[in-house]
1. Could you grab me the full set of residues in the stretch 164-187 that are touching a strand residue (DSSP E or B) at 6+ places or on another chain (Cβ under 6 Å), part of a loop (DSSP other than H, G, I, E, B) and closer than 27 Å to ALA74 by Cβ?
2. Residues to consider are ARG96, ARG125, ARG77; find the one that is of a type in the set (Lys, Arg) and under 20 Å from GLN174 (Cβ atoms).
3. Among (1) farther than 23 Å from GLY226 by Cα; (2) outside any loop (DSSP other than H, G, I, E, B); (3) under 16 Å from the mean Cα position of the chain (by Cα); (4) of a type outside the set (Ser, Thr, Tyr), there is one condition ARG153 misses while meeting the rest; what is its number?
4. Any chance you could count how many residues in the stretch 59-77 are surrounded by 24 or more Cβ atoms within 10 Å (Cβ to Cβ), among the hydrophobic types (A, V, I, L, M, F, W, C) and closer than 18 Å to VAL224 by Cβ?
5. Within the stretch 118-135, restricting attention to residues that are surrounded by 14 or more Cβ atoms within 10 Å (Cβ to Cβ) and free of Cβ contacts under 8 Å to residues at least 40 places away in the same chain, which residue is nearest to GLN210 (Cα to Cα)?
6. ALA162 is checked against (1) hydrophobic (A, V, I, L, M, F, W, C); (2) more than 20 Å from ALA69 (Cα to Cα); (3) touching a helix residue (DSSP H, G or I) at 6+ places or on another chain (Cβ under 9 Å); (4) loosely packed, with under 15 Cβ neighbours inside 10 Å and fails just one. What number does that condition carry?
7. May I ask you to list the residues in the stretch 188-217 that are farther than 16 Å from ALA26 by Cβ and in a helix (DSSP H, G or I)?
8. Looking at LEU48, LEU81, LEU22, LEU70 in this structure, which one is in a strand (DSSP E or B) and among the aliphatic types (A, V, I, L, M)?
Amino acid sequence: MPAVPSSPPLVLLPGMNCSARLWGPAGAGALHPVLDRPTLDEQVEALLDALPGRFALGGLSLGGIVAMALTRRAPERVAGLCLMATNARPPTPEQRAGWEVALTRLDDGAPARALQPLELLLHDRSLDATALQMADETGERRLAAQLRLQGTRVDERPALPAVAVPTLVLAGGQDRLCPVERHTEIAELVPDARLHVLPGVGHLLPVETQDAVAALLGEWLSEVHGRSAR
């Protein structure tokens, strides 16, 4: 992978029940905030307080949802946007019910790794151990906050046409949680967004295809850096 520009800095937001381990080589040199607030507004506010004045922002799944919300809230802070394995739509009743069940299981003493839906996260099941290790690193308290945060999501689609920075949208061809059509929808709403579908890959893109994700992020960051230097 070619050298990645370091200015503006890269911020990567993980998916639910995931840690910085998610990103593999693509995360080298990046900032890795955790998602640990129980509402979307609180999470965005905490990130804006902690992060540099301007940055390139990437997120996967829940991290992508938070990234869209942050960009909507403070577009002047975001120099570039990368959205992976995510969904701009508001929660469904079925999703809300599932998050409540998960919170009840945590309250009853289940460990975070017991709530890792491996069959939905990975097309390549030989990588299950990585997903379970990330759940161990996340822990029950942080996962509970993330589940509550999920319930406060909103429809991000109306704000996407206002995004005016280089935007990369990455989808896994075998993603069962956030299928390709969700990413096509995002890419069609964001002006000049570039959509890449990675064939044979599930939800945790950087875990299953490290080199491809790192290369695409590097190309996107070079574009972000070039535009910021003008």
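Since every read-out is calculated from the coordinates, none of them should be taken as a lab result. Everything numeric in this text was worked out from a predicted model, so none of it was measured. With ideal geometry, Cβ positions are generated from the backbone for all residues, glycine too; neighbour counts draw on all protein chains shown.
1. VAL165, PRO166, listed by residue number.
2. ARG125
3. (2)
4. Total satisfying the criteria: 4.
5. ASP128
6. (2)
7. Scanning the stretch 188-217 gives GLU188, LEU189.
8. From the options LEU48, LEU81, LEU22, LEU70, the qualifying one is LEU81.
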